[in-house]
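Student: Quick one: this structure, given as C-alpha cells, is what I'll be asking you about.
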Amino acid sequence: MRVSCVTFACAWLCATPVAAAPLAFVTNQGADSVTVVDLSTQRPLRNVPVGTAPAGIAFSRDGRHAFVTTPTAHAISVVDTRTLTRTATLDLPGEVLGIAADPQRDRVYVAEWYARRVHILDTLTREPVGSLETGAVPAGVAVSPDGSRLVVTNRDDDTVTIFALPDGRALATLRVGNAPFGVTIARDGGRFFVANVQGDSVTVGDLRTPRITAEIPVGDAPYAIAHDPARERIFVTNQQSGDVSIVELGEERERARLRVGEYPEGIAYVPSLDRYYVASWFDNELIVIDGAAERVVARVPCEDGSRAFGDFVLP
C-alpha cells in the first residue's frame, strides 16, 4: 500500500489550535472536502480538502486522526483532528466506503464495496494487517464498544455478517431486510440496528446470541441510525422521504417522522448535548435536532454533497 504525505507551506496553519470537542467532521462528496463543525457553537471551523468524493469516516482510538474513505479514488485521506489538515493518503484496492474504528485497538475496518471483504488497517503504521471475507457489496461497518464484535452489512445479499474480534472469526450470517446499508451498535453492546435502504425498514438484532429480534417499518430509503439509550429509541434518516423516523424500541414501532431536508444521510447523537446531527446530501448542511423537543433547532452550512457516513462526531 502506498502512503503519501502532504506538506504544507503555511506552518502557522498546522500549529493553529482548534476548538475543544465535540466536533463534527462532515464529508462533502461533491466538494472533495470535510467540513469541521464546532457543536458547542454550531458554527463551521474549516473546510478541509481531502481526496475525491469522500463518504465514510472514523476516528483513531486516540482521536488524533480522522480516516476518510474516498471510494472512487480507491484511498483513505487522513486528517489531523488538531490542526484540521490532511496529512496522508493511504491507497487501498477497490472502492472503499464504510469504515469503523476499534475502540480497544489501533485499527480501523474498511469495507471494499465490490470485493466481498473488509480490510483491517493499523492506524499507527497506516498499513493493512489483514482482511475478512464478507457477503456481496459490504456497506456499513460497526464495532461494539468493548471491541469484541464487528458487524458488516452485505447490501446485495440482504444479510449481515458478525465477526468476533480480535481474531476475526465469522460467528454468524443473518438475513435482514432488503439492501441493508447503515449499521449501529447499542452503547451497551447488546443489540445492533440495521437500515434496510430498499426495504423501508430497520432490523433489530441481539448481538450476544446472535439473532434477529424485530423488523420495524420506517420511511422511504432508510440509510443510517443513531441510538439514544436513555430514552430507548433510535432516529433513522430516510433518504427519499427527506425525514427522520423516531422509533420506540420498547414498543418496536415508528412513533413519528420529522421533516429535515433533502436526502438526509449520516446521523449522530451526542448525549452530553442531547442533540442529533443529520447530514443533508442535497441541502449541503448539518441539521441539528433537539433530542427533548424533537424539532430542528439549527442548520449549519457545509459544502456540496454532505454525507457523513459513519461515526462522524469526535466527542
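Computed from the coordinates by the stated procedures, all read-outs in this text should not be read as laboratory data. As the structure is a computational prediction, the values presented were derived from the model and not from experiment. Here Cβ is always computed from backbone atoms with ideal geometry, including for glycine, and neighbour counts include all displayed protein chains.
Student: Of all residues in the range 234-263, count the ones that are acidic (Asp, Glu), over 19 Å from the mean Cα position of the chain (by Cα) and under 16 Å from Asn196 (Cα atoms).
Tutor: Final tally of qualifying residues: 2.
Student: So which of Asp188, Asp158 is in contact with a Pro (Cβ under 8 Å, 6 or more places away or on another chain), of a type in the set (D, E, K, R) and farther than 19 Å from Phe235 by Cα?
Tutor: Values: Asp188 fails: farther than 19 Å from Phe235 by Cα.
Going through Asp188, Asp158 in turn, the sole match is Asp158.
Student: Could you tell me whether the range 208-229 includes any residue that is hydroxyl-bearing (Ser, Thr, Tyr), touching an Asp or Glu at 6+ places or on another chain (Cβ under 7 Å) and crowded, with 22+ Cβ neighbours inside 10 Å?
Tutor: From the range 208-229, those hydroxyl-bearing (Ser, Thr, Tyr) are 209, 213, 223; that's our starting set.
Filter again for touching an Asp or Glu at 6+ places or on another chain (Cβ under 7 Å), leaving 213, 223.
Subsequent filtering for residues that are crowded, with 22+ Cβ neighbours inside 10 Å retains 223.
Yes, the range 208-229 has at least one match.
Student: Between a first residue in the range 239-265 that is touching a residue at least 12 places away in the same chain (Cβ under 8 Å) and more than 15 Å from Ile216 (Cβ to Cβ) and a second residue that is in a loop (DSSP other than H, G, I, E, B) and of a type in the set (Lys, Arg), which pairs have beta carbons less than 7 Å apart while being 6 or more apart in sequence or on different chains?
Tutor: So the pair list comes out as Glu265/Arg307.
Student: A further question on this structure: Can you tell me which of Thr35, Thr72, Thr85, Thr81 is among the polar types (S, T, N, Q) and in contact with a Pro (Cβ under 6 Å, 6 or more places away or on another chain)? So that I can check it myself, show each step before the final result.
Tutor: Numbers: Thr72 fails: in contact with a Pro (Cβ under 6 Å, 6 or more places away or on another chain); Thr85 fails: in contact with a Pro (Cβ under 6 Å, 6 or more places away or on another chain); Thr81 fails: in contact with a Pro (Cβ under 6 Å, 6 or more places away or on another chain).
Step by step, each of Thr35, Thr72, Thr85, Thr81 is checked, and only Thr35 is among the polar types (S, T, N, Q) and in contact with a Pro (Cβ under 6 Å, 6 or more places away or on another chain).
Student: In addition: I'm told Arg231 meets every condition in (1) assigned to a loop (DSSP other than H, G, I, E, B); (2) within 21 Å of the chain's Cα centre (by Cα) except one. Can you identify the failing condition by its number?
Tutor: Only one criterion is unmet by Arg231, namely (2).
Student: Is one or more of the residues making up the range 287-296 closer than 29 Å to Asp157 by Cα, of a type in the set (Lys, Arg), part of a strand (DSSP E or B) and in contact (Cβ under 8 Å) with a residue 12 or more places away in the chain? Show your work before the answer.
Tutor: Residues of the range 287-296 that are closer than 29 Å to Asp157 by Cα, as a first pass: none.
The answer is no; no qualifying residue exists.
Student: What are the residues in the range 117-139 that are in contact (Cβ under 8 Å) with a residue 40 or more places away in the chain and of a type in the set (Asp, Glu), if any?
Tutor: The answer is Glu127, and nothing else.
Student: Mind checking which residues of the range 53-91 are farther than 20 Å from Ala21 by Cβ and among the aliphatic types (A, V, I, L, M)?
Tutor: Ala53, Ala55, Ala73, Ala75, Ile76, Ala88, Leu90
Student: I need the full set of residues from the range 204-221 which are touching a residue at least 40 places away in the same chain (Cβ under 8 Å) and not in a loop (DSSP other than H, G, I, E, B), in order please.
Tutor: Matches in the range 204-221: Val204, Gly205.
Student: Consider only pairs whose beta carbons are under 9 Å apart and that are at least six residues apart or on different chains; among these, list those whose first residue lies in the range 62-73 and is touching a residue at least 60 places away in the same chain (Cβ under 8 Å) and within 16 Å of Thr125 (Cα to Cα) and whose second residue is part of a strand (DSSP E or B) and among the charged types (D, E, K, R).
Tutor: What qualifies is Ala66/Asp80.
Student: Looking only at residues in the range 279-315 that are of a type in the set (D, E, K, R) and under 22 Å from Val79 (Cβ atoms), which one is surrounded by the fewest Cβ atoms within 10 Å (Cβ to Cβ)?
Tutor: First, pick out the residues of the range 279-315 that are of a type in the set (D, E, K, R): 283, 285, 290, 294-295, 299, 303-304, 307, 311.
So of that shortlist, the ones also under 22 Å from Val79 (Cβ atoms) come out as 285, 303-304, 307, 311.
Numbers: Glu285: 24, Glu303: 19, Asp304: 13, Arg307: 25, Asp311: 22.
My answer is Asp304.
Student: So which residues in the range 48-71 are in a strand (DSSP E or B) and buried (at least 17 other Cβ atoms within 10 Å of the Cβ), if there are any at all?
Tutor: Here is the first cut: in the range 48-71, the residues in a strand (DSSP E or B) are 48-49, 56-59, 65-70.
Those that are in a strand (DSSP E or B) and buried (at least 17 other Cβ atoms within 10 Å of the Cβ): Val48, Gly56, Ile57, Ala58, Phe59, His65, Ala66, Phe67, Val68, Thr69, Thr70.
Student: Being farther than 22 Å from Arg117 by Cβ and part of a loop (DSSP other than H, G, I, E, B) is the filter here; which residues of the range 186-203 pass it?
Tutor: Ala186, Arg187, Asp188, Gly189, Gly190, Gln198, Gly199, Asp200
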